[in-house]
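Structure, as structure tokens:
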Amino acid sequence: MAGGTSDLRSNAATGGSNGLEMEEEMKLQDRQHSNGTVTTPAYRGNDMSVEANSAHKGADHDVPETTPNGARPQPPGTRKGSSPLAPAFMVSAPGKVIVFGEHAVAAMAAAISLRSYLLVTTLSKSQRTVTLRFPDISLSHTWNIDILPWAAFHSPSKKRKYYDLVTALDPELVEAMQPHLTAVSSDAPPAEQKIQHAAAAAFLYLFLSLGSQQSPPCVYTLRSTIPIGAGLGSSASTCVCISAALLLQSHALAGPHQDQLSEEAEKQLERINRWAFVGELLIHGNPSGVDNTVASGGKAVLFKRADYNKPPSVARLGDFPELPLLLVDTRQAKSTAAEVAKVAHLRTTHPAVAGHILDAIDKVTESAHALIASADFDSNNPAALQHLGELVALNHGLLFSLGVSHPKLEKLRRLVDDADVGWTKLTGAGGGGCAITLLRPTTTSSLSSSPSPSPSKLQTLQTRLEAEGFEIYTTTLGGDGVGALMPAVLTNGSAEVGGEVIDQDKFLRAEGREGVESLVGVVGGGAGGERGEWRFWRP
Amino acid sequence: MLFLRTPLGEERIFALQPPFGGAWNRMHAEPEQPWASPVPAQNLGKFRKDKDRVAQKERDGRQQRDGTSLSQPSTPTPDDATDAATAKISAVMMASGTSDLRSNAATVGSNGLEMEEEMKLPDRQHSNGTVTTPAYRGNDMSVEANSAHKGADHDVPETTPNGARPQPPGTRKGSSPLAPAFMVSAPGKVIVFGEHAVVHGKAAMAAAISLRSYLLVTTLSKSQRTVTLRFPDISLSHTWNIDILPWAAFHSPSKKRKYYDLVTALDPELVEAMQPHLTAVSSDAPPAEQKIQHAAAAAFLYLFLSLGSQQSPPCVYTLRSTIPIGAGLGSSASTCVCISAALLLQSHALAGPHQDQLSEEAEKQLERINRWAFVGELLIHGNPSGVDNTVASGGKAVLFKRADYNKPPSVARLGDFPELPLLLVDTRQAKSTAAEVAKVAHLRTTHPAVAGHILDAIDKVTESAHALIASADFDSNNLAALQHLGELVALNHGLLFSLGVSHPKLEKLRGLVDDADVGWTKLTGAGGGGCAITLLRPTTTSSSSSSSPSPSKFQTLQTRLEAEGFEIYTTTLGGDGVGVLMPAVLTNGSAEVGGEVIDQDKFLRAEGREGVESLVGVVGGGAGGERGEWRFWRP
């Protein structure tokens, strides 16, 4: 089967499978920012295929604690005789930036505090539908659970356990999903449709692999504060949310619990990560696995790819500190493939020089790793942060010398340098896209957790950057990975007894990044601090 | 033009408009054969002994006058056989004593980079054409000078020691004719690859540019006993009385250097002996300007005293340069090469240049010029690398490397270096070489592995460029080859950027040139401001001879660059080194019979770079091509 997947993989890779995987993103021709509007296509009767009806009888149920109970499934764990709803819950996973090493062999990627939030609301058992509402990509689609190709996914030779490591898609299963994907948003323009299809495919493959015909009728509503197509791992973050939600619904996960043993937490993250990778396979064809590993585990990872035909080795960096970060999006359209080709061309025409530049980048990454991993590393120590910052700036210089910077990135870098707030580099493939600035602590800052430059200086910079048409995100590097809010109730300073229930309406109405974060953000409650209701698997 | 180093950083002086109308007292040219009768070898010993006695007397006199004691005991009078050996020993003895002098001379501290062996001024000055000619100072007429000239030694060949009333040697008796005016010219340079890496033991490549210094030497009537410098670019104009110069000190047997000697360090006693004659130079100018003037005068005087004699003909040395000063373009070295070549030519120490000259012989003449030009650089910079003067003398390009900073670098001439069209843009952003060098040194300390790889990458760039140019089938008219070279230029810039030595203005410049898509750009020199070079891409429709981007594209770019306040020089890379125009007569399409005589007036009146080049440029006659009258030593 492995040999048969190569075709599929290259078909699925929307940007061309270049092996770099610096932005495992759904690519939009035009960037869309979430505006909360949702197009719900009319329900299509032709989805009710005979195939699905015949399939569900022989459905296999390896997903634990779901009860195979024939033709009329109900939410698992529901008390008999009643038809209550399972409480709504949420999962959330971060985006990522490449901190060091893009275009080189070894690279370091870290979680950012921009995140995807997935609200799972269960419907009454009379409903036999599963619905996706991903307003950020204008996706809204409902499937009839009973007509989905359960038979294909649950046949003994095909069925994968929730704890299996799946590293390739099964082309027959992908084929079996197709009729249910062609119906998704077929009125949308082609570029948009491609993204919608990729997201729907990722969900459906996981839903069919991890769920059953007896899975409860649900609505999966996704809001993301991660810009799409900017190399920030928004698709991987989405896949981690889907994976975690489906695994939680199938009771395949223990925790998250604040007293959970490190080893056990690690195991849960590994399960989530494995299935998130499957989702990425659907979206990218040939993902590196870096983005989903960061989105699930948070903090940072070091990954190495000696052989571009093999997946990279990915090591979690549990020591990675939380650092204040300015993330600026130039909004300059770019092509990862083109930037990768530039470097490949340089390696052909000037092998010795290119070799030294890439070696220098590896040394930057190595130095940063050694610094962070050292026993006495303290990110509140200005000297240590200075050293890390210098490595950031050095890495940018080397990317510049590889020829993958862009006038807009240089403009940005200069504005930030002039403001003297920290150390800047492009992040991702370059040629446009985003840059990150590791913020320098102000000399007068208190010993509080997030030392950052003086607000006025930053405000002036922000105004200047906005005048250039750049988008600015003040975020944090190295935060938590996937989290769960179970049930979806937050205190939020609301008058509701027992806290504010996050329902779909409120969630969809939240305006922009600020609205989403103030409503449900893992950080950003009343006091702006961590919200205790959100739990994380912290190894 | 010259560059000065000061602790304040550097600024520059720009080319002057010719300030001197007809002020100079010109002489009528009458043919003469200077220094024509060689002295029989057996007579030299007697003169040396005479001179030694005088020199000893002079030393004693000086001790009495200024109360200083000499570091060396008086040397016993050597005979002919031991003369050279003694000189050598004294040189060795002196070598240890020179270190102080050297570090004193290097005002900014010898960082070893030597990317711009220039004298730096704290504020950029634009020449206003004013020249201060100090009043003649009677106190220069010291007894010392008078007593010295009698015993003056004449190791400069073919000069005749002829007693108390010296006159130009070889002059036919009874007449007082002038030697015809002649010119010498030497190019500036740019670093093409490897700046900063060279500080850390890697190779770098520097090449000649078609911006040049031009030195006109006019001989005065023999009744004059003066030598005059007119360097309007640095507002220097000074006249010395030849007879009172410290000939005795320079020509004492232990001090005297032959024209073919390799002098790698200044003699502190000789430097000391010059001082009274330098303090009088332009003493009314502001200090920064004066520093440049003094350095240039010192370089000239040391060479004049080393290579000339009290019998040297009275002359005016007039310099015009098209090389911007203080921009890392080797203007001082170019000046030193001109002075060295002129003085060696006047002492008949050089053969040629002749179009049929043997390669080996031409190489030997260049070596002689270069050695003395280096001595001039020692006066100006304290610790020059020798790269600038080597390029200014030999032209084309050199590959140089300095593994041990206590030793001079190894400098290899690249005779294969092609002539390439080059855009040289000066950002006019003040910079400090020392600061940029310190940045890289700091990076090496804080991030040794990363910095090491960047420097290695730069080394590979230089190595690749060298291999490309040296390869048997390299042809700069081949687009692919030029593309490859251009990519190396752009790569080198990227690496300098990653070392942190670029500057927003340099990036602005690069952005504009890249947008115009006319070629490949890099900063040149220390960075942090200063200049950038663009190797021009040939247009697809260009003819084979001078392939360059389309004029309209180019004009647009030029306008844009000028709007940013940048200065643009369209020049050529890899041209000829030192050249000679002898006599100073060019056809120039003039109506004068036998061509246009370049006199001092015309030369000083020529306006700016264009004026100088159209009057006397080695390239740029009527048709804009090479001027056949200029001759070069082409090994």
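The values are calculated or read from the model by the stated rules, or taken from the named source; none is laboratory data. What you see is a predicted model, and the numbers here were worked out from it, not measured in a lab. Positions of Cβ are generated from backbone atoms using ideal geometry, with glycine treated the same way; all protein chains shown enter the neighbour counts.
For the range B:481-517, name all the residues that are of a type in the set (S, T, N, Q) and facing chain A (nearest Cβ under 8 Å).
The first filter runs over the range B:481-517 and keeps only residues of a type in the set (S, T, N, Q), leaving B:483, B:492, B:498, B:502.
Within the range B:481-517, B:Ser498 is the sole residue that qualifies.
Just give me the residues in the range A:405-438 being in a loop (DSSP other than H, G, I, E, B) and either at the interface with chain B (Cβ under 10 Å from one of its Cβ atoms) or hydroxyl-bearing (Ser, Thr, Tyr) (or both), in sequence order. Break it down into steps so the answer makes sense when it comes.
At the first step, the residues of the range A:405-438 found to be in a loop (DSSP other than H, G, I, E, B) are A:405-406, A:420-421, A:428-433.
A:Ser405 - this is the single residue of the range A:405-438 that is in a loop (DSSP other than H, G, I, E, B) and either at the interface with chain B (Cβ under 10 Å from one of its Cβ atoms) or hydroxyl-bearing (Ser, Thr, Tyr) (or both).
List the number of the failed condition for A:His396; all other conditions in (1) without any contact (Cβ under 8 Å) to a residue 40 or more places away in the chain; (2) more than 13 Å from chain B (Cβ to nearest Cβ); (3) within 24 Å of A:Phe470 (Cα to Cα) hold.
Here A:His396 meets the rest and fails (2).
I need a count of the residues in the range A:327-352 that are farther than 24 Å from A:Met108 by Cβ and free of Cβ contacts under 8 Å to residues at least 40 places away in the same chain.
6
Of the conditions (1) of a type in the set (Phe, Trp, Tyr); (2) within 12 Å of chain A (Cβ to nearest Cβ); (3) within 20 Å of A:Pro351 (Cβ to Cβ), B:Phe474 fails just one. Which one is it?
Every condition holds for B:Phe474 apart from (2).
Would you check if there is a residue in the range A:225-239 being among the β-branched types (Val, Ile, Thr), in contact with a Phe, Trp or Tyr (Cβ under 6 Å, 6 or more places away or on another chain) and outside any loop (DSSP other than H, G, I, E, B)?
Filtering the range A:225-239 down to residues among the β-branched types (Val, Ile, Thr) leaves A:225-226, A:228, A:238.
Filter once more, keeping what is in contact with a Phe, Trp or Tyr (Cβ under 6 Å, 6 or more places away or on another chain): none.
The answer is no, given that none of the residues of the range A:225-239 is among the β-branched types (Val, Ile, Thr), in contact with a Phe, Trp or Tyr (Cβ under 6 Å, 6 or more places away or on another chain) and outside any loop (DSSP other than H, G, I, E, B).
So is B:Thr559 modelled with pLDDT under 95, surrounded by fewer than 17 Cβ atoms within 10 Å (Cβ to Cβ), more than 13 Å from chain A (Cβ to nearest Cβ) and farther than 28 Å from B:Asn477 by Cβ or not? First the steps, then the outcome.
Details: modelled with pLDDT under 95: yes; surrounded by fewer than 17 Cβ atoms within 10 Å (Cβ to Cβ): yes; more than 13 Å from chain A (Cβ to nearest Cβ): yes; farther than 28 Å from B:Asn477 by Cβ: yes.
Considered against the rule, which asks whether it is modelled with pLDDT under 95, surrounded by fewer than 17 Cβ atoms within 10 Å (Cβ to Cβ), more than 13 Å from chain A (Cβ to nearest Cβ) and farther than 28 Å from B:Asn477 by Cβ, B:Thr559 comes out as yes.
Considering only the range B:443-458, how many residues are within 32 Å of the chain's Cα centre (by Cα) and more than 8 Å from every other protein chain (Cβ to nearest Cβ)?
2
Identify, please: which residue in the range A:364-387 is more than 11 Å from chain B (Cβ to nearest Cβ) and among the hydrophobic types (A, V, I, L, M, F, W, C) and is, among those, farthest from B:Ala465 (Cα to Cα)? Steps first, please.
As a first pass, look at the range A:364-387 and keep what is more than 11 Å from chain B (Cβ to nearest Cβ): A:369, A:372-382, A:384-385.
Filter again for among the hydrophobic types (A, V, I, L, M, F, W, C), leaving A:372-373, A:375, A:377, A:384-385.
Details: A:Ile372: 39, A:Ala373: 40, A:Ala375: 45, A:Phe377: 43, A:Ala384: 39, A:Leu385: 39 Å.
Among residues in the range A:364-387 that are more than 11 Å from chain B (Cβ to nearest Cβ) and among the hydrophobic types (A, V, I, L, M, F, W, C), the one farthest from B:Ala465 (Cα to Cα) is A:Ala375.
Please enumerate the residues belonging to the range B:522-533 that are of a type outside the set (Gly, Ala, Ser) and more than 13 Å from chain A (Cβ to nearest Cβ). It would help to see each step written out before you state the result.
The initial filter retains those residues of the range B:522-533 that are of a type outside the set (Gly, Ala, Ser), namely B:522-524, B:531, B:533.
Passing the criteria: B:Thr524, B:Cys531, B:Ile533.
What are the residue pairs meeting all of these: first residue in the range A:263-283, first residue at negative phi and among the aromatic types (Phe, Trp, Tyr), second residue part of a helix (DSSP H, G or I) and buried (at least 24 other Cβ atoms within 10 Å of the Cβ), Cβ atoms under 6 Å, and 6 or more apart or on different chains?
Pairs that qualify, where the first residue is at negative phi and among the aromatic types (Phe, Trp, Tyr) and the partner is part of a helix (DSSP H, G or I) and buried (at least 24 other Cβ atoms within 10 Å of the Cβ), are A:Trp275/A:Ser243; A:Phe277/A:Asn292.
Could you look through the range A:376-404, keep only residues that are part of a loop (DSSP other than H, G, I, E, B) and at pLDDT 90 or above, and pick out the one that is surrounded by the fewest Cβ atoms within 10 Å (Cβ to Cβ)? Outline the logic, then answer.
Residues of the range A:376-404 that are part of a loop (DSSP other than H, G, I, E, B), as a first pass: A:376-381, A:402-404.
Still in the list and also at pLDDT 90 or above: A:402-404.
Details: A:Leu402: 25, A:Gly403: 19, A:Val404: 24.
For the range A:376-404, the residue satisfying everything is A:Gly403.
Residue-wise test of (1) surrounded by fewer than 16 Cβ atoms within 10 Å (Cβ to Cβ); (2) within 26 Å of A:Ala333 (Cα to Cα); (3) modelled with pLDDT under 90; (4) aromatic (Phe, Trp, Tyr).
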residue	(1), (2), (3), (4)
A:Leu412	no, yes, no, no
A:Thr424	no, yes, no, no
A:Gly433	no, yes, no, no
A:Arg440	no, no, yes, no
A:Leu447	yes, no, yes, no
A:Ser450	yes, no, yes, no
A:Ala467	yes, yes, no, no
A:Leu490	no, no, yes, no
A:Val501	yes, no, yes, no
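State all residues of the range A:192-224 that are among the hydroxyl-bearing types (Ser, Thr, Tyr) and out of contact with any Lys or Arg (no Cβ under 8 Å at 6 or more places or on another chain); if no residue qualifies, say none. Even if it seems obvious, please write down each step before you answer.
Start the filter on the range A:192-224 by keeping residues that are among the hydroxyl-bearing types (Ser, Thr, Tyr), which leaves A:205, A:209, A:212, A:215, A:220-221, A:224.
Matches in the range A:192-224: A:Tyr205, A:Ser212, A:Ser215.
If I filter the range A:312-363 down to residues being more than 28 Å from A:Pro227 (Cα to Cα) and among the basic types (Lys, Arg), which single residue comes out as nearest to the other protein chains (Cβ to nearest Cβ)?
A:Lys363
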